[in-house]
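A short write-up of the structure that comes next.
The values are calculated or read from the model by the stated rules, or taken from the named source; none is laboratory data. Just so we're clear, the structure is a prediction, and the values are computed from it rather than from any experiment. Please note: Cβ atoms are built from the backbone with ideal geometry, for glycine as well, and neighbour counts cover all protein chains shown.
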């Protein structure tokens with residue numbers, strides 16, 4: 001015969017479970033952030049295109065890298081919005097939709113962490129490359145070794161963090177569950 005929980009405990013548990021919906025406005029805020037990122041993307045594009053025809057090739061590469069950087073940031077936001085919502089709030093009912101991303105519904109918290117750190121490392125790599133190209137574009141600009149060292153250090157921190165997270169997930173997967 002199953003034991004019944006006290007009413008107070010059941011109410012508390014239902015309230016705690018319902019509290020996941022407090023995250024929904026945060027995901028809506030991230031959608032607004034994604035929309036604002038589109039504005040920044042097109043501002044960068046409109047600003048850069050007229051100049052591209054009269055500038056050095058390095059400028060074109062830096063413009064492209066800036067746009068790729070914004071794209072990677074947008075991808076990161078989409079991953080966080082959709083995976084976070086599905087993992088922590090509620091399933092998104094799009095199973096029959098033909099354009100549903102293949103990864104949706106299959107990315108757990110661990111997978112979301114790995115996708116996030118990989119995206120952040122890629123974004124930092126693009127920033128590092130942009131800085132190096134900017135220094136090579138104009139030889140009259142003094143070589144900023146301190147800034148470059150910081151960018152390299154930050155990038156390596158993200159890469160090492162990603163590797164350590166992957167190792168921790170691998171080790172956790174090897175441990176038998178209790």
query: Are there any pairs, at least 6 apart or on different chains, whose C-beta atoms fall under 6 Å, with the first in segment 32-58 and without any contact (Cβ under 8 Å) to a residue 24 or more places away in the chain and the second surrounded by 11 or more Cβ atoms within 10 Å (Cβ to Cβ), and if so, which?
result: 48/63; 52/60
query: Just wondering, is there one or more residues in segment 27-42 that are part of a helix (DSSP H, G or I) and under 30 Å from residue 172 (Cβ atoms)?
result: yes
task: Provide a single number: the residues in segment 52-97 that are at pLDDT 85 or above and assigned to a loop (DSSP other than H, G, I, E, B).
output: 3
field: Criterion: touching a residue at least 60 places away in the same chain (Cβ under 8 Å), surrounded by fewer than 16 Cβ atoms within 10 Å (Cβ to Cβ) and part of a helix (DSSP H, G or I) - qualifying residue of 24, 18
entry: 24
query: Quick check, is residue 104 within 28 Å of residue 161 (Cα to Cα) and either at pLDDT below 85 or in contact with a strand residue (DSSP E or B) (Cβ under 8 Å, 6 or more places away or on another chain) (or both)?
result: yes
task: Say whether the condition of being surrounded by 14 or more Cβ atoms within 10 Å (Cβ to Cβ) and either more than 27 Å from residue 27 (Cα to Cα) or modelled with pLDDT of 85 or more (or both) is met by at least one residue in segment 140-151.
output: yes
